[in-house]
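Have a look at the structure below, then the notes.
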Amino acid sequence: MHIQESGEMYLETILILSKKNQFVRSVDVGEYMGYSKPSVSRAIGLLKNGGYVVSDHDGYLFLTEEGRELAEKIYNRHNLLTKFLISLGVSNDTASEDACKMEHVISDESISAIERFINE
């Protein structure tokens with residue numbers, strides 16, 4: 001199943017929140033992203049149906065193995081692109097905002113090239 005950019009953003013948000021707190025709820029995701037409860041509920045439902053997220057009887061969200069792999073990939077791309085843009089002289093805030101847009105569309109080949117460039 002191909003996941004859309006918005007789905008990737010939700011997975012990345014769940015990952016980020018789970019790094020700060022063991023338990024993540026839909027309301028936490030909505031607050032972090034600035035989205036309404038119905039929007040979050042719909043997106044989480046789609047992610048559950050796709051096998052990326054599960055929830056327990058208390059409503060806490062957890063990434064499945066597949067969900068975690070994709071979230072980590074997006075999160076790592078974001079960090080790498082942010083670092084790269086900052087190294088070019090872009091301000092921290094702008095670099096992070098631009099990286100957020102780029103992380104979903106850039107090819108694996110380009111990410112690998114940027115990573116090699118940064119590590120040299």
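Points to keep in mind about this one:
- One equal scatterer on each Cα of the range 72-119, no solvent, Debye formula: the resulting log10 I(q)/I(0) at q = 0.18, 0.27, 0.30 Å⁻¹ is -0.46, -1.01, -1.19.
- Pairwise label distance in nanometres, LYS37 with ILE118, each label 7 Å out on the Cα-Cβ vector: 3.9 nm
- Computed extension length for GLU65-ILE16: 16.1 nm, one decimal, from 0.36 nm per residue of separation with the Cα-Cα distance subtracted.
- Computed over the range 5-69, the alpha-carbon pair-distance distribution with 10 angstrom bins reads 23, 65, 12, each value a whole percent.
- Length added when fully stretched, VAL54-THR94, from 0.36 nm per residue minus Cα-Cα: 11.1 nm
- Residue-wise HN-Hα couplings along the range 115-120, as the Karplus relation 6.51 cos²θ - 1.76 cosθ + 1.60 with θ = phi - 60° gives them from phi, are 4, 4, 4, 5, 7, 7 Hz; Gly and Pro carry x.
- Over all directions, the projected convex hull of the C-alpha atoms in the chain averages 7.9 nm² in area.
- Mean separation of Cα contacts under 8 Å, 6 or more apart, over the residue count of the range 26-81: relative contact order %: 23 percent
Throughout, read-outs are computed from the coordinates displayed, never taken from laboratory work. Note that this is a predicted model, so its numbers are computed, not measured. Methodologically, a virtual Cβ is constructed for each residue, glycine included, from the backbone with ideal geometry; neighbour enumeration extends over all protein chains shown.
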